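Peer 1: Sharing a structure here in structure tokens format.
Every read-out reported here was derived from the displayed coordinates using simple, explicitly stated rules and does not represent laboratory data. These numbers come from a predicted model, not from an experiment. Here Cβ is always computed from backbone atoms with ideal geometry, including for glycine, and neighbour counts include all displayed protein chains.
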Amino acid sequence: MRIAIDGPAGAGKSTVAKALAKRIGFIYVDTGAMYRAIGLYLMEKKLNLHDEAPLRKALDEVELDIGYEDGIQQVYLNGTNVTSKIRTEAAGSMASQVSALLPVREKLVEIQQELGRRADVVMDGRDIGTVVLPDAELKVYFTASSKVRAERRYRELVEKGIISTIEEVEADILARDYRDMHRKHSPLKQADDAILVDSSDMTISEVLQVMIKLVAERNPEVAKLL
């Protein structure tokens with residue numbers, strides 16, 4: 001079974017996807033982490049992102065692997081664990097930029113679709129239900145107000161000791177929303193057959209319960225385990 005979760009930054013999709021995968025015994029695939037890793041790589045390369053030939057050459061040199069330690073996804077870029085490095089705001093902003101590039105999307109969509117063929121997955125991102133797993137058995141689109149999303153991201157940054165303001169975080173989120181929704185290739189949008197979940201006034205536990213109910217309705221075998 002493939003569960004596709006899409007939505008803008010800070011909507012809570014990754015937190016819920018991780019918890020859901022753990023609860024039902026599926027593999028969690030954080031596609032955003034993949035784009036962050038590619039963004040980190042290209043940022044360090046200092047390439048002109050709009051010069052396609054050297055971009056494709058650089059991507060050919062990338063080895064991107066997903067592993068799991070104690071059930072937690074780890075991202076390996078050319079053999080190095082970059083899981084902690086890709087969680088900065090700079091990496092997130094860069095991910096939004098490189099995700100608009102066709103060569104980057106082609107490379108990562110291929111990897112993601114292969115993961116979906118190999119196992120039961122909960123996959124979250126920006127174009128999972130529309131492009132990566134268009135025939136997923138369950139599609140959900142998470143959203144929340146920009147203010148709520150900024151508050152959530154701000155708390156995450158504070159916990160990591162990163163200094164910022166809610167206003168700066170919200171401005172960054174709105175800028176990323178615009179880029180994601182207006183990019184030429186695979187823009188962020190709700191799939192026609194996706195279920196909309198607005199988490200603005202919901203706790204993570206409440207959203208998780210909604211997701212568990214949706215999965216159980218579609219998969220009797222999973223329902224037996226809950």
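Peer 1: Determine, from the Cβ-Cβ distance of residue 179 and residue 155 and an R0 of 25 Å, the FRET efficiency 1/(1 + (r/R0)^6), rounded to the nearest 0.05.
Peer 2: 0.60
Peer 1: Non-local amide H neighbours of residue 138 (under 5 Å, H modeled in plane, Pro and chain starts lacking H): which ones?
Peer 2: 2, 4
Peer 1: List the residues whose amide H sits under 5 Å from the amide H of residue 27, counting only those 5 or more places along or on another chain, with H placed 1.01 Å from N in the peptide plane.
Peer 2: So residue 27 has HN proximity to 120, 121, 122.
Peer 1: Same structure again: Which order results if 40, 102, 226 are arranged by neighbouring Cβ count within 10 Å, fewest first?
Peer 2: Starting with the residue having the fewest Cβ neighbours, the order is 226, 102, 40.
Peer 1: Using the alpha carbons of the chain, what is the convex hull volume per residue in cubic angstrom, as a whole number?
Peer 2: 122 Å³
Peer 1: On to the next question. Can you put 177, 135 in order, fewest other beta carbons within 10 Å first?
Peer 2: 135, 177
Peer 1: Kindly provide the helix-only [θ] at 222 nm of the chain, computed as the sum of -39,500 (n - 2.57) over DSSP H runs of four or more divided by all residues, to the nearest 500 deg cm²/dmol?
Peer 2: -16000 deg cm²/dmol
Peer 1: Once the Cβ-Cβ distance between residue 44 and residue 147 is put in as r, and R0 is 45 Å, what FRET efficiency do you end up with, to the nearest 0.05?
Peer 2: 0.85
Peer 1: If you place +1 on the Cβ of every Lys and Arg and -1 on the Cβ of every Asp and Glu, how big does the dipole about the Cα centre of the chain come out, in debye to the nearest 20?
Peer 2: Roughly 60 debye for the chain.
Peer 1: Between residue 167 and residue 225, what length in nm is gained on full extension when 0.36 nm per residue of separation is reduced by their alpha carbon distance?
Peer 2: Additional length available on full extension: 16.6 nm.
Peer 1: Of the cross-linked pairs 46/147; 18/57; 57/85; 13/85, which ones have a Cα-Cα span greater than 30 Å in the structure shown?
Peer 2: Pairs exceeding 30 Å: 46/147; 18/57.
Peer 1: Something else: Using each residue's phi in region 92-108, evaluate 6.51 cos²θ - 1.76 cosθ + 1.60 at θ = phi - 60° and report the 3J(HN,Hα) Karplus result to the nearest Hz, with x for Gly and Pro.
Peer 2: Computed from phi, the couplings for region 92-108 are x, 5, 5, 4, 4, 6, 6, 5, 7, 8, 4, x, 5, 5, 4, 5, 6 Hz.
Peer 1: Let me ask you something else. Label region 92-226 by shape, choosing from rounded, prolate and oblate, from the square roots a ≥ b ≥ c of the eigenvalues of the Cα gyration tensor; if a/c is under 1.5 it is rounded, and otherwise prolate applies when a/b is larger than b/c, oblate when it is not.
Peer 2: It comes out oblate by the Cα gyration axes.
Peer 1: Can you list the residues of region 133-153 with backbone N under 20 Å from a point 7 Å past the Cα of residue 218, pointing along Cα to Cβ?
Peer 2: Flagged as within label range: 133-144.
Peer 1: Related question: Give me the net charge of residue 173's neighbourhood, meaning all other residues with Cβ under 9 Å from the Cβ of residue 173; Lys, Arg count +1, Asp, Glu -1.
Peer 2: Net of charged neighbours comes to 0.
Peer 1: If you rank 202, 94 by fewest surrounding Cβ atoms within 10 Å, what's the result?
Peer 2: Exposure proxy ranking, most exposed first: 202, 94.
Peer 1: Pull out the extension gain between residue 65 and residue 209, defined as 0.36 nm times the separation in residues minus the alpha carbon to alpha carbon distance; nm, one decimal.
Peer 2: Net length gain for the segment: 48.8 nm.
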